[in-house]
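Participant: Just passing along the structure, written as structure tokens.
The values are calculated or read from the model by the stated rules, or taken from the named source; none is laboratory data. Keep in mind the model is a prediction, meaning the values are calculated, not measured. Cβ sites come from the backbone with ideal geometry, for glycine too, and all protein chains shown count toward neighbours.
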Amino acid sequence: MGGKVAQEEASGAHVSNEAGELFDMKLFAGNAHRELACRVAEYLGIDVGRITATRFSDGEIRVLVDESARGNDVFLLQPTCDPVNDSLMELLIMLDAFRRASARRITVVMPYFGYARQDKKTKPREPITARLVADLIQVAGAHRVVCVDLHAEQIMGFFDIPVDHLYAGPIVGRYLVDQGLHEDHLVVVSPDVAGVTRARALAEMLHSPLAIVAKRRPEPNKVDIVEIVGDVEGRRAIMIDDMIDTGGSVIQGAEALKKRGATDVLACCTHPVLSGNASQRLQDSVISRVITMDTIPIPSEKMFPKLTILPIAPLAGEAIRRIHTNQSVSSLFETWR
């Protein structure tokens, strides 16, 4: 049984293209999330550009742009999600194709930035893979990058080109308000110290107090809960993070919150990575609902009844429109930040 998709709109009304303000703009997409590209194109009132992305007999990726891009402002939508290496390589090859096709400007729209968790050295002889990916994207020909809820905002500094960082929190916050989840007997919980800024912004939007789960990671995808900072007793807890991968952190955090007296626990995230059996673990956990975005395609076998999916297309589409027409993108989030 699958989760449900909630039809929510991003900030601002849909903008018609009747005036031809997007006449020299084109939106293309790879194979990582073509459904999202179609929804963004629908928001903008344009068609998705024609491109062929297949494989040669030996497995190498073959890309062919099937229409002229000369002199156009090209937006290339491709989250580098599972299969991460294939999605990334396909993106790099598409960038090279459009650079050689004489596009005036190429903006990469990455709703999900793969390898973002490898953003610093924590042990000797470790790579900083997020920086490597940023370098690859720039060398391949990108002029600008758009990302949604980066794992760490410092990743923006890995690029020498403009980066527009979009926040999905206001969409989640508006959904919770519409569901009546605000002010009374709520507490917003950050699952770790690094996510406090995101959680505080949601807490202010919901007029609720803030709590923090202090934890340590003995190794990747392993977590130990150390302490919960803040009063959660008798309150409905809303945990918010940038992603849910294996589900271990959010499930253990929810169990700790229940032991501290929380009456209910909801988990919210932007990127539903859902590795391995995460979907089943979340369904069987003490968490009552999981609210996420469609920045990553969720296959039917990973859907589960507790899951609610909110659309990111209106936000991504509005950011694309503003970039193309040289309007402010950051003004979308003035109250959120």
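Participant: Among the candidates 61, 93, which residue alone is touching an Asp or Glu at 6+ places or on another chain (Cβ under 6 Å) and under 29 Å from residue 131 (Cβ atoms)?
Facilitator: Matching residue, one of 61, 93: 61.
Participant: For segment 104-114, indicate whether the set of residues that are surrounded by 16 or more Cβ atoms within 10 Å (Cβ to Cβ) and either within 30 Å of residue 186 (Cα to Cα) or in the same structural domain as residue 296 (by TED's automatic domain parsing) (or both) is non-empty.
Facilitator: Scanning segment 104-114, I find at least one residue that is surrounded by 16 or more Cβ atoms within 10 Å (Cβ to Cβ) and either within 30 Å of residue 186 (Cα to Cα) or in the same structural domain as residue 296 (by TED's automatic domain parsing) (or both), so the answer is yes.
Participant: For segment 153-197, which residues satisfy the criterion of being among the hydrophobic types (A, V, I, L, M, F, W, C), farther than 22 Å from residue 321 by Cα and part of a strand (DSSP E or B)?
Facilitator: Hits for segment 153-197 are 186, 187, 188, 189.
Participant: Still on this structure, I have one more. Among the residues of segment 205-234 satisfying the criterion of being among the basic types (Lys, Arg) and not in a loop (DSSP other than H, G, I, E, B), which is modelled with the lowest pLDDT?
Facilitator: The extreme case among them is 216.
Participant: Here are some residues: 202, 150. Which one is at pLDDT 90 or above, touching a helix residue (DSSP H, G or I) at 6+ places or on another chain (Cβ under 6 Å) and not in a strand (DSSP E or B)?
Facilitator: None of the other options fit; the residue is 202.
Participant: Here's something else I'd like to know. Which of the strands (runs of 3 or more DSSP E) found entirely inside segment 18-88 contain at least 2 residues meeting this: free of Cβ contacts under 8 Å to residues at least 24 places away in the same chain?
Facilitator: Qualifying strands (runs of 3 or more DSSP E): 51-55.
Participant: For residue 125, all conditions in the list (1) surrounded by fewer than 20 Cβ atoms within 10 Å (Cβ to Cβ); (2) under 21 Å from residue 36 (Cα atoms) hold save one; what is the number of the exception?
Facilitator: Going through (1) surrounded by fewer than 20 Cβ atoms within 10 Å (Cβ to Cβ); (2) under 21 Å from residue 36 (Cα atoms) one by one, residue 125 breaks only (2).
Participant: Condition first: in contact (Cβ under 8 Å) with a residue 60 or more places away in the chain, within 22 Å of residue 319 (Cβ to Cβ) and surrounded by fewer than 19 Cβ atoms within 10 Å (Cβ to Cβ). Can you find one or more residues in segment 198-211 that meet it?
Facilitator: Looking for residues that are in contact (Cβ under 8 Å) with a residue 60 or more places away in the chain, within 22 Å of residue 319 (Cβ to Cβ) and surrounded by fewer than 19 Cβ atoms within 10 Å (Cβ to Cβ), one finds none in segment 198-211, hence no.
Participant: Only residues that are aliphatic (A, V, I, L, M), under 23 Å from residue 270 (Cβ atoms) and part of a loop (DSSP other than H, G, I, E, B): list them for segment 96-134, please.
Facilitator: Scanning segment 96-134 gives 116, 128.
Participant: Also: Exactly one condition in (1) surrounded by 19 or more Cβ atoms within 10 Å (Cβ to Cβ); (2) within 21 Å of residue 91 (Cβ to Cβ); (3) out of contact with any Ser or Thr (no Cβ under 9 Å at 6 or more places or on another chain); (4) not aromatic (Phe, Trp, Tyr) is false for residue 149; which is it?
Facilitator: (3)
Participant: Regarding residue 297, is this residue under 13 Å from the mean Cα position of the chain (by Cα) and surrounded by 18 or more Cβ atoms within 10 Å (Cβ to Cβ)?
Facilitator: Criteria not met by residue 297.
Participant: Another question, then. Quick one: residue 56 ticks every box in (1) more than 18 Å from the chain's Cα centre (by Cα); (2) surrounded by 20 or more Cβ atoms within 10 Å (Cβ to Cβ) bar one, so which box is it?
Facilitator: (2)
Participant: Which residues, taken from segment 81-103, are surrounded by fewer than 18 Cβ atoms within 10 Å (Cβ to Cβ) and not aliphatic (A, V, I, L, M)?
Facilitator: Answer for segment 81-103, where residues must be surrounded by fewer than 18 Cβ atoms within 10 Å (Cβ to Cβ) and not aliphatic (A, V, I, L, M): 82, 83, 85, 86, 96, 99, 100, 102.
Participant: Confirm whether residue 137 is over 17 Å from the mean Cα position of the chain (by Cα), within 30 Å of residue 74 (Cα to Cα), of a type in the set (Val, Ile, Thr) and not assigned by TED's automatic domain parsing to the domain that holds residue 294.
Facilitator: So residue 137 passes the test.
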